[in-house]
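Comments concern the structure below.
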Amino acid sequence: MITVQTADLIRLLPELVLTGFAILVMLFEPFLPTGRRRLLGWFALVGVFGAGVAAVWTSLAPGLAFGGAVAADRFSLFFIYLFLLVAALTLLGSMDYLNRDNIQHGEFYALVLLATVGMCFMAASTELILIFLGLEISSLSTYILAGFKRHDPLSNEASLKYFLLGSFATAFFLYGIAFVYGLMGTTNLLVLSERLSQSSHWSGLARVALVMMFVGLAFKLSTVPFQVWTPDVYQGAPAPVTAFLSTGPKAAAFAILLRVFLGGLASAGPLSFWVIWVSAALTMCLGNLAALWQSNVKRMLAYSSIAHAGYVLVGVAAGGPEGTSSVLYYLAAYSLMNVGAFVLIAYLAGTGERWMQIDDYTGLGYERPGIAACLAVFLLSLAGIPTTAGFLAKFYLFRAAIHSHLIGLTVLAVLNSVVSVYYYLRPVVAMYMREGKTEASNAIVPWAVRAVLAVTVVGIFYLGLYPNLLAGLASLAASPLP
Amino acid sequence: MSWLLSHLLSVLIFLPLAGAAVIAFLRRGSEHLIRWVALFSSLLTFAFALGAFVGFSSTRTGMQFVEFYPWMVLPPVNYHVGVDGLSIMLILLTAFLTPLAVLTSWVSITHRVKEFFLFLLALETGMIGVFAALDLILFFLFWEAMLIPMYFLIAVWGHERRVYAAVKFILFTMAGSALMLVGILYLYNLTGTFDFPTILNHLDDARLLSAQAERWLFLAFFVAFAIKVPLFPFHTWLPDAHVEAPTAGSVILAGVLLKMGTYGLLRFCLPLFPQASQAFAPLISVLAIVGILYGALVAMVQPDLKKLVAYSSVAHLGFVVLGIFAFNVNGIEGAIYQMFNHGVSTGALFILVGMLYDRRHTRLISEFGGLATPLPVYSTFFMIVALSSLGLPMLNGFVGEFLIIVGAYRARALYAALAAVGVVLAAVYLLWMYQRVFLGKVTNEKNLRLPDCDWREKTILAVIVAVILAMGVYPKPFLSRMDRSVASVLQRLEKNRVLVTSTVSDRQAERAR
């Protein structure tokens, strides 16, 4: 019997606040007239800020909670802040979208909050079962979010596909955990790493367990060959949800990967290293090559996010403090630019997301200079052009990889990033180099969305020119891991 | 004033960007004001660059006007800038060509004027930054960031196939520089710093690099620079980019961007990897000679004036590379001098072709003939510039080419002989073109009533011709500033040459035993 102490609760405070607000959002909804449900979005946003404040409190009392099941350390706090940022930007970016597409329901905000809770658990747990629960909480919420446009067959398809493949993948993860428990008699990562370090031998079954857990995560990370769902789901889901999906849960899955594969199961060394190496190489190449052929911006960005997962895996393969901190930096930079890009295209696309082709952006650079400039910044940052966050993120990543003597993988990664320039420039070409006017230029961009754009663009340049603060935080956050 | 002196390079780097920022806040309609702001800020930059050039001491070794501020903590990347005899020349060239580029675009750019000048000035910041940076990451940052304004200049204001040319340009350059980034990171891993002078010291102190690693690193850097030069098989992006770019873009491309390649070779490849440089020198010299002959031959048969000038660049830059890899004072000084010359002369040729294009909207040689009759002033200027480009004594081109051939002769007589053939070919394609376009009777009625140069065009051309003459007659102020820098590069090479031979002879001695 575990007795709950105040310290335990404080170490879990952000998650508690988020859950509380999610429940309140759902409770309030029936009392609000349909026209005013947008207020719930603001309320949820208050919840996210509340959780941010709570996280400050948590950070003052770091340590393990609930008998070592949850670790409130710098690593988890870094991720919690990242998730809160992503959630806040998603909320801001979706309120007007829901109005426009006539799907303004309170559940949306509650689900975003709950998904965030799940992600926080994924990053903070040191207990495999709890990690699995976090994975499930966030997955179930995002399955529904992906299908939030109930009357849109594409959205339905996205939800169903995500759900079927996703539950299959989490089953793999769970099966892996079961193997681990059967072999080692524990699911606690700290205990596990101790026991594993004593026995130098990795049995065949343990390898199977490791690979199974990796498969379960690989689905969330959408790494090759588990990426097949990604373009369809990202395309079908409402674009602000895609913004969330492509950043939050992905970052959370990387948190697990770091904690489990570099932390708990670190003694598996060469096996997990090669699994990660191969999947990084395949993911980068396939993501970029497939993105070259897309004419739909959303699909293109979906493939690009696959490619970015591949780059991040290079950092994971590099390992060590450098590798981990470069992954953290990359995830933060990537979240900013990807959320910004998806939220922006959500509004350019108009009601029902009709204008999603690259050609729809023709002449946008002159019709809507500000908006086009923002999109260009996101794309150039994704491409890794200097002075943007994308460049320094890649720089840190490649430095860590070279430091770990992964020269082949680094060369592959830099060549891939050259290829990616081609497709990131295609919308830029349409916006600035072709004459014309399309419906996308009539897009209404509400001021909540402008706030998202401002935060992300400023963030991108800040991280691209003044990296010291975040890089320092990232290397502090990497310290709890060996 | 003392603040200005201690921050001269930063002022030079960021002044154009400040001009661009001012333009960003001007109304789209106030095109005239935008042009004047662009001209003013680029002229002011030139004034500072000239000040730096005059103030540059030719008797001191090492970097001058050094500024150093910490920037990134981990890994340590610093804002470290400074100039030596090589970079001061190129900064001066950049600052000289940009106002000319602004002036050439004065009337020919009528479309999206604000963005055009904004990008042009941003580009100048990138270019000066590349030449001044002494931290490898800072260098890389400017090197890559500069691509974006250039990309827009070609792709928005270019001719028919502009988007294709611009994308090709950016992908070629990035492919090269991506590998260079890996090389830079590898060097960091060895030495723990990105600071170029410190890396040089580290490489001196300990034999950190194995011969094999040095060769790979050399190639990683070399390919990036060779693409930019462009050296013979990497040149295919150049004709497209030059022909499709607007006149100002071509001037900057030919005048400055190509020099970044040769600058990189001299600044980084030779000092960092002296042994690999020497090992690859025969191969590179051969490629350079192929470039000289191939560029000249292809230029000869071009029906399009701009393409002709573009291919002549391939040939001229071949000379520069040949001079660099001759590894002696004459060769390298000639190469640096020729970099400057090529910037002025080829820039001028592009400006001249652009003026013709503004009048007739074609660049086909067959459309012209006997232009000397309706356009006497223009034809005279064209003649002088063409003669400078083909290396007539008393004009600037002669000094550079002569020095390079002397240098190449010392390295290997055959190289010099082949390069001299290139000089002859240059005379053939330029004079033959001149004959077809300007001499004889007017062949096309449309050309009869063409207006001759106006005051703006005359100013641009007169300034250029003055520089061409001055550099041809009195090269000393330029050469004297290079002496020390060239000597220090050669010193490094010389020191390592001894090492090469000694290790070889050691090995032979061992084998004999």
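The values are calculated or read from the model by the stated rules, or taken from the named source; none is laboratory data. What you see is a predicted model; the values in this text were computed from it and never measured. Neighbour counts are summed over all protein chains in view; Cβ atoms, including those assigned to glycine, are modelled from backbone coordinates with ideal geometry.
Could you please tell me which pairs satisfy a Cβ distance under 6 Å, a separation of 6+ or placement on different chains, a first residue in the stretch B:150-166 that is over 14 Å from B:L118 (Cβ atoms), and a second residue that is outside any helix (DSSP H, G or I) and polar (S, T, N, Q)?
none
Of all residues in the stretch A:27-42, which are surrounded by fewer than 18 Cβ atoms within 10 Å (Cβ to Cβ), hydrophobic (A, V, I, L, M, F, W, C) and assigned to a helix (DSSP H, G or I)?
Answer for the stretch A:27-42, where residues must be surrounded by fewer than 18 Cβ atoms within 10 Å (Cβ to Cβ), hydrophobic (A, V, I, L, M, F, W, C) and assigned to a helix (DSSP H, G or I): A:L27, A:F28, A:F31, A:L39, A:W42.
Counting just the residues of the stretch B:311-340 that are touching an Asp or Glu at 6+ places or on another chain (Cβ under 9 Å) and among the hydrophobic types (A, V, I, L, M, F, W, C), which one comes out modelled with the highest pLDDT?
Checked the stretch B:311-340; the qualifying residue modelled with the highest pLDDT is B:F319.
Kindly provide the set of residues from the stretch B:458-474 that are touching a helix residue (DSSP H, G or I) at 6+ places or on another chain (Cβ under 6 Å) and either not small (G, A, S) or not in a helix (DSSP H, G or I) (or both), ordered by number.
B:I460, B:L461, B:I464, B:V465, B:V467, B:I468, B:M471
Just to check your reading of the model, which residue among B:L50, B:L26 is at pLDDT below 85, over 30 Å from B:N189 (Cα atoms) and of a type in the set (A, V, I, L, M)?
Only one candidate passes the filter, namely B:L26.
Pairs, please: C-beta under 7 Å, at least 6 apart or cross-chain, first residue among the polar types (S, T, N, Q) and in the stretch B:72-88, second surrounded by 23 or more Cβ atoms within 10 Å (Cβ to Cβ)?
If the second residue must be surrounded by 23 or more Cβ atoms within 10 Å (Cβ to Cβ), the pairs left are B:N78/B:D135; B:S87/B:F131; B:S87/B:A132.
With (1) under 20 Å from the mean Cα position of the chain (by Cα); (2) surrounded by fewer than 23 Cβ atoms within 10 Å (Cβ to Cβ); (3) more than 10 Å from chain B (Cβ to nearest Cβ) as the list, and A:S475 as the residue in question, which single condition is left unmet?
(3)
Using the structure shown, decide if A:P427 is within 25 Å of A:G340 (Cα to Cα), in contact (Cβ under 8 Å) with a residue 40 or more places away in the chain and more than 9 Å from every other protein chain (Cβ to nearest Cβ). Walk me through how you get there before you give the answer.
Numbers: within 25 Å of A:G340 (Cα to Cα): yes; in contact (Cβ under 8 Å) with a residue 40 or more places away in the chain: yes; more than 9 Å from every other protein chain (Cβ to nearest Cβ): yes.
Yes.
Please verify whether A:L397 is buried (at least 24 other Cβ atoms within 10 Å of the Cβ) and either facing chain B (nearest Cβ under 8 Å) or in a helix (DSSP H, G or I) (or both), treating the condition exactly as stated.
yes
Looking at B:T236, B:T191 in this structure, which one is hydroxyl-bearing (S, T, Y) and over 23 Å from A:P467 (Cα atoms)?
Within the list B:T236, B:T191, the selection yields B:T236.
Does at least one position in the stretch A:232-241 carry a residue that is under 16 Å from the mean Cα position of the chain (by Cα), free of Cβ contacts under 8 Å to residues at least 40 places away in the same chain and part of a helix (DSSP H, G or I)?
Within the stretch A:232-241 (the criterion being under 16 Å from the mean Cα position of the chain (by Cα), free of Cβ contacts under 8 Å to residues at least 40 places away in the same chain and part of a helix (DSSP H, G or I)), the answer is no, since none of the residues qualifies.
With respect to A:A383, determine if the residue is in contact with a Ser or Thr (Cβ under 9 Å, 6 or more places away or on another chain), in contact (Cβ under 8 Å) with a residue 12 or more places away in the chain, buried (at least 23 other Cβ atoms within 10 Å of the Cβ) and within 14 Å of another protein chain (Cβ to nearest Cβ).
yes
How many residues, within the stretch B:279-292, are in contact (Cβ under 8 Å) with a residue 60 or more places away in the chain and either touching a Gly at 6+ places or on another chain (Cβ under 6 Å) or charged (D, E, K, R) (or both)?
Of the residues in that region, 2 qualify.
Would you please name the residue that is nearest to the chain's Cα centre (by Cα), looking only at residues in the stretch B:271-280 that are among the aliphatic types (A, V, I, L, M) and surrounded by fewer than 24 Cβ atoms within 10 Å (Cβ to Cβ)?
Among those that are among the aliphatic types (A, V, I, L, M) and surrounded by fewer than 24 Cβ atoms within 10 Å (Cβ to Cβ), it is B:L272.
Say whether the condition of being surrounded by fewer than 24 Cβ atoms within 10 Å (Cβ to Cβ) and free of Cβ contacts under 8 Å to residues at least 40 places away in the same chain is met by at least one residue in the stretch A:146-158.
The answer is yes, given that some residue of the stretch A:146-158 is surrounded by fewer than 24 Cβ atoms within 10 Å (Cβ to Cβ) and free of Cβ contacts under 8 Å to residues at least 40 places away in the same chain.
Here is a check on your reading of the model: is A:G352 in a loop (DSSP other than H, G, I, E, B) and either within 14 Å of another protein chain (Cβ to nearest Cβ) or surrounded by fewer than 24 Cβ atoms within 10 Å (Cβ to Cβ) (or both)?
Yes; evaluated as a whole, the condition is true for this residue.
Tell me the helices (runs of 4 or more DSSP H) entirely within the stretch B:152-252 that contain at least 1 residues that are within 11 Å of chain A (Cβ to nearest Cβ) and either among the aliphatic types (A, V, I, L, M) or surrounded by fewer than 22 Cβ atoms within 10 Å (Cβ to Cβ) (or both).
B:162-191, B:211-228
Looking at (1) part of a helix (DSSP H, G or I); (2) crowded, with 16+ Cβ neighbours inside 10 Å, which is the only condition B:V442 fails?
(1)
Given B:R497, B:R513, which one is within 18 Å of B:G331 (Cα to Cα), at pLDDT below 80 and of a type outside the set (A, V, I, L, M)?
The match here is B:R497.
Would you confirm whether any residue within the stretch B:352-374 is assigned to a helix (DSSP H, G or I), free of Cβ contacts under 8 Å to residues at least 12 places away in the same chain, surrounded by fewer than 17 Cβ atoms within 10 Å (Cβ to Cβ) and out of contact with any Asp or Glu (no Cβ under 9 Å at 6 or more places or on another chain)?
Checked the stretch B:352-374: no residue is assigned to a helix (DSSP H, G or I), free of Cβ contacts under 8 Å to residues at least 12 places away in the same chain, surrounded by fewer than 17 Cβ atoms within 10 Å (Cβ to Cβ) and out of contact with any Asp or Glu (no Cβ under 9 Å at 6 or more places or on another chain).
Could you tell me whether the stretch B:66-75 includes any residue that is surrounded by fewer than 22 Cβ atoms within 10 Å (Cβ to Cβ) and touching a Phe, Trp or Tyr at 6+ places or on another chain (Cβ under 6 Å)? Full working, then the answer.
Taking the stretch B:66-75 as the starting set, the residues that turn out to be surrounded by fewer than 22 Cβ atoms within 10 Å (Cβ to Cβ) are B:66-75.
In the following step, the residues that additionally are touching a Phe, Trp or Tyr at 6+ places or on another chain (Cβ under 6 Å) were identified as B:69, B:71.
Taking every residue of the stretch B:66-75 in turn, at least one turns out to be surrounded by fewer than 22 Cβ atoms within 10 Å (Cβ to Cβ) and touching a Phe, Trp or Tyr at 6+ places or on another chain (Cβ under 6 Å).
Only helices (runs of 4 or more DSSP H) wholly contained in the stretch B:1-99 count here; list those with 1 or more residues that are within 14 Å of another protein chain (Cβ to nearest Cβ).
B:8-24
Does B:L217 satisfy the criteria of being in contact (Cβ under 8 Å) with a residue 60 or more places away in the chain, of a type in the set (A, V, I, L, M) and closer than 20 Å to B:Q278 by Cα?
In short, no.
Which members of the stretch A:430-458 meet the condition of being among the hydrophobic types (A, V, I, L, M, F, W, C) and within 14 Å of chain B (Cβ to nearest Cβ)? Spell out how you get there, then give the answer.
Pass one, the stretch A:430-458, residues among the hydrophobic types (A, V, I, L, M, F, W, C): A:430-431, A:433, A:440, A:443-445, A:447-449, A:451-455, A:457-458.
Passing the criteria: A:A430, A:M431, A:M433.
Consider A:G370 against the criteria (1) assigned to a helix (DSSP H, G or I); (2) touching a Phe, Trp or Tyr at 6+ places or on another chain (Cβ under 9 Å): it satisfies all of them except one. Which criterion is unmet?
So A:G370 meets the others, but not (2).
Suppose the filter is closer than 20 Å to A:Y366 by Cα and surrounded by 18 or more Cβ atoms within 10 Å (Cβ to Cβ); does B:A20 pass it?
When the stated conditions are applied, B:A20 passes them.
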